1. How about region 9-27: which of its residues are surrounded by 10 or more Cβ atoms within 10 Å (Cβ to Cβ) and either more than 14 Å from the chain's Cα centre (by Cα) or in a loop (DSSP other than H, G, I, E, B) (or both)?
2. Can you name the residue in region 44-65 that is part of a loop (DSSP other than H, G, I, E, B) and polar (S, T, N, Q) and, of all such residues, is surrounded by the most Cβ atoms within 10 Å (Cβ to Cβ)?
3. Would you tally the residues in region 25-48 being small (Gly, Ala, Ser), farther than 15 Å from residue 2 by Cα and out of contact with any Gly (no Cβ under 9 Å at 6 or more places or on another chain)?
Amino acid sequence: MKYTVIFHRTEEGISVSVPGLPGCWSEGDTDEEALENIQDAIHEYLAAVTEMSRDQETHEIEVAA
């Protein structure tokens, strides 16, 4: 899957958010570190969503871009 990420640069470093996954954020000192960290955060976010919806009725749909 591909996700759009947004870099938020400050004097303290780089924060990265994922608009498609509300609340999914990470940070890093460099672009590379921030991208590695947000990939980990996305994996953890999706694992948490899977766990929370384990007992729920779920369906998958495909949406054309």
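1. Of region 9-27, the ones surrounded by 10 or more Cβ atoms within 10 Å (Cβ to Cβ) are 9, 13-21, 24-27.
Of everything in region 9-27, those that are surrounded by 10 or more Cβ atoms within 10 Å (Cβ to Cβ) and either more than 14 Å from the chain's Cα centre (by Cα) or in a loop (DSSP other than H, G, I, E, B) (or both) turn out to be 9, 13, 14, 18, 19, 20, 21, 24.
2. Let us first name the residues in region 44-65 that are part of a loop (DSSP other than H, G, I, E, B), namely 53-65.
With the extra rule that they be polar (S, T, N, Q), the set shrinks to 53, 56, 58.
Working: 53: 10, 56: 6, 58: 8.
Taking the candidates together, the pick is 53.
3. First, pick out the residues of region 25-48 that are small (Gly, Ala, Ser): 26, 28, 34, 41, 47-48.
Checking the rest, the ones that are also farther than 15 Å from residue 2 by Cα come to 26, 28, 34, 47-48.
Filter once more, so that each one left must be out of contact with any Gly (no Cβ under 9 Å at 6 or more places or on another chain): 26, 47-48.
Within region 25-48, residues that are small (Gly, Ala, Ser), farther than 15 Å from residue 2 by Cα and out of contact with any Gly (no Cβ under 9 Å at 6 or more places or on another chain) number 3.
Each reported figure results from applying straightforward, stated rules to the coordinates on display, with no laboratory input. All values reported here derive from a predicted model rather than from experimental measurement. With ideal geometry, Cβ positions are generated from the backbone for all residues, glycine too; neighbour counts draw on all protein chains shown.
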